[in-house]
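Values in this text are rule-based calculations from the coordinates and carry no lab data. Please read these numbers as outputs of a predicted model, since none were measured by experiment. Cβ coordinates were reconstructed from backbone atoms using ideal geometry, including for glycine residues, and neighbour counts include every protein chain displayed.
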Ligand SMILES: CC(C)(COP(=O)(O)OP(=O)(O)OC[C@H]1O[C@@H](n2cnc3c(N)ncnc32)[C@H](O)[C@@H]1OP(=O)(O)O)[C@@H](O)C(=O)NCCC(=O)NCCS
């Protein structure tokens, strides 16, 4: 489940390059990039762990298929619905709410294609969204290109309070408290979902092991938030352990999220069946 960005998103203007500074070429030296152009520079993409077991990287042209898989996997997830099933959207039909659910996952998936790592197995039977160590999707360019900025208009006032004022800060603070100095060193499993028809076939294991093999070699922790009480036993099989439980509290009943960390397994030593 997803800490998508750490700060509230504000609407992004289209003119990211300040025309005034673009008209001042005399102040530019070789290797001297004006601040307004620096916005366009992307961090180098993270190293993709070696592919195996039919795992492949999802490309930008496939973001809708990957998002559709996650939308199906998280169709009844309490946290995914937390921003949509709100009192000020009671008048919406289920079709409208589903469309928004899919739309949110399309933005999140696209942002991870741009700045993280999106993997799949089978014919989009399972999909994982990872944020590699030291990466995030907080920058305006990613928020703009992924469509994330539209959430400012698509979520209701209560949906925005839940998303921007409660969910994102809580996840951000919890990750910081849990990992401390290791926050920028860990792999973050933001979403993993297998379509109901594909479950129990080992898809999630393949997607998780694809990254944990590298994390082990590099001595890195992996981190996730589990939004479903039946999942921690599954993640324990991959070597994750529960650290704490946090609660979303604006919905009339508390919605728990289990915070789980997988410590790196020293080479030559196996843990959690891996
Ligand atoms: C959690 C989820 C991704 C697992 O996907 P999956 O492809 O069915 O998982 P796998 O087939 O790889 O099984 C993983 C392991 O969990 C075990 N397992 C599966 N269901 C289990 C259950 N109900 N209880 C205990 N263990 C279970 C499997 O035996 C397997 O262990 P093994 O490889 O040691 O035999 C999938 O159930 C899902 O998409 N759930 C809904 C979305 C969701 O909640 N995502 C996570 C939110 S953070």
Simple label model, 7 Å out from Cα along Cβ direction - residue 254 to residue 218, nm: 3.5 nm
Rg from C-alpha atoms of the stretch 57-262, normalised by the globular rule of thumb 2.2 N^0.38 Å, equals 0.98
Peptides ranked, highest mean first, by Cβ atoms within 10 Å: ranges 176-184, 238-246: 238-246, 176-184
Alpha carbon centroid spacing (whole Å) that separates the stretch 103-132 from the stretch 210-266: 18 Å
Per residue, the convex hull enclosing the Cα atoms of the stretch 143-274 spans a volume in Å³ of 144 Å³
Sort 192-204, 98-110 by the packing proxy (mean of other Cβ within 10 Å over each peptide's residues), most packed first. 98-110, 192-204
